[in-house]
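Below is one structure, written out as structure tokens, with a few remarks after it.
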Amino acid sequence: MYCNDLTPSVERPHSASITDFGAVSDGTTLNTKAFQNALFYLNSFANKGGAQLFVPAGRWLTGSFSLISHLTLSLDKDAVILGSPDSSDWPVIDALPSYGRGRELPGKRHQSLIFGSNLTDVIITGKYCSCILHFIRTLCHLRYVSN
């Protein structure tokens, strides 16, 4: 993941802040539903130029959530997304044929913190290189997909 202070090349006509959906930046309140609800709402703008979800400064504890197409996830320079230490906040999904849960462990695996499947036009950006994602329980598997 690369964070920088460049303006995204795609301007989104619709935007919302994670706080509009009740998220609390105290580092202890679980914000998974707020992320899910925000993305569900912003998905209604996918065919209308897309949308941006802004994550302001703070420590945002969450379980896994799935991105949507035609989205910019914009993190403030002091925003930190913390992965929940509770395994029930990490859905179990089918393993990719290439690696499963691990070399020695066949079967399903937990979804990554920020997940996406068959997405197009997704931008993750933040101000300065100090924007970071913490993964307490699992690593994030992101693929940059462009138009």
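Just so you know, all these numbers are worked out from the coordinates, no wet-lab data involved. Quick caveat: nothing in here was measured; it's all calculated off a predicted structure. Quick reminder, even Gly has a Cβ in these numbers, built from the backbone with ideal geometry, and neighbours come from all protein chains shown.
For this structure, a couple of remarks:
- Residue 15 versus residue 117: modelled label distance in nm, points set 7 Å from Cα along the beta carbon direction: 3.1
- Segment residue 94-residue 26, extension gain: residue separation times 0.36 nm, minus the distance between their alpha carbons: 21.2 nm
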